[in-house]
1. Can you spot a residue in the range 115-133 that is in a loop (DSSP other than H, G, I, E, B) and either at pLDDT 80 or above or closer than 30 Å to residue 11 by Cβ (or both)?
2. Take the conditions out of contact with any strand residue (DSSP E or B) (no Cβ under 7 Å at 6 or more places or on another chain) and aliphatic (A, V, I, L, M) and apply them to residue 44. Does it pass?
3. Filter the range 11-25 down to residues that are crowded, with 17+ Cβ neighbours inside 10 Å and either of a type outside the set (Phe, Trp, Tyr) or touching a Pro at 6+ places or on another chain (Cβ under 9 Å) (or both), then give me how many there are.
4. Among the helices (runs of 4 or more DSSP H) confined wholly to the range 19-111, which include 2 or more residues that are among the polar types (S, T, N, Q), at pLDDT 85 or above and within 18 Å of residue 9 (Cβ to Cβ)?
5. Do you know which of the residues in the range 55-93 that are within 26 Å of residue 104 (Cα to Cα) and of a type in the set (S, T, N, Q) is surrounded by the fewest Cβ atoms within 10 Å (Cβ to Cβ)?
Amino acid sequence: MKNILQYKGYFAKIEYSVEDHILYGKIEGIKDLVNFESESVVEIEQEFKNAVDDYLELCQELGQSPDKAYSGTFNVRISSTLHRAVAMQAMKNGDSLNSIVEKAIDSFINDNTKQTVDAIWSVVSEGRYNAQPSSCASSTQVVALAGLAYNRKGDANA
């Protein structure tokens, strides 16, 4: 089942309103509110495309740059202990925090095995931030992914 649409670098999740008997969505990842709707399953994708095109056209008419979905910048809130640990690991490796987080997320998205999550969770849950990881991930990945895994305790123990 697919309910995420993509067009010209913009994304929208399609939802259904039981009360109104319509499909609807909004462009995700931008500051501006751009929404669309349709009573037809067949037409909802075209309504999304029309909304994106209308948004881009309006921005051009107003002389403004359109927001880009997912600019590559976001804030992460983690404990001060984990922040210190990952900063120290970054210094030891000659990396920046941004570089470590980017590598960790890439690894998490592309190599998300139960073994990796279990290894990360064991490091986080036992407070062994400087422990040597198993062969499934580098120490940089373990320290940086610890923040991502911290809230996934239930998943890692499944």
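The values are calculated or read from the model by the stated rules, or taken from the named source; none is laboratory data. What you are looking at is a predicted structure, and each value in this text was computed from that prediction instead of being measured. Every residue, glycine as well, gets a Cβ built from its backbone with ideal geometry; the counts of neighbours run over all protein chains shown.
1. No, the range 115-133 contains no residue that is in a loop (DSSP other than H, G, I, E, B) and either at pLDDT 80 or above or closer than 30 Å to residue 11 by Cβ (or both).
2. no
3. 4
4. Helices (runs of 4 or more DSSP H) meeting the threshold: 44-62.
5. The selected residue is 75.
Conditions tested, residue by residue: (1) in contact (Cβ under 8 Å) with a residue 24 or more places away in the chain; (2) of a type outside the set (A, V, I, L, M, F, W, C); (3) in the same structural domain as residue 16 (by TED's automatic domain parsing).
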site: 54; (1), (2), (3): no, yes, yes
site: 57; (1), (2), (3): no, yes, yes
site: 69; (1), (2), (3): yes, no, no
site: 89; (1), (2), (3): yes, yes, no
site: 96; (1), (2), (3): no, yes, no
site: 100; (1), (2), (3): yes, no, no
site: 105; (1), (2), (3): yes, no, no
site: 110; (1), (2), (3): no, yes, no
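Conditions (1) closer than 24 Å to residue 28 by Cα; (2) touching a helix residue (DSSP H, G or I) at 6+ places or on another chain (Cβ under 8 Å), marked per residue:
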site: 75; (1), (2): yes, no
site: 78; (1), (2): no, yes
site: 84; (1), (2): no, no
site: 89; (1), (2): no, yes
site: 92; (1), (2): no, no
site: 99; (1), (2): no, yes
site: 105; (1), (2): yes, yes
site: 108; (1), (2): yes, yes
site: 111; (1), (2): no, no
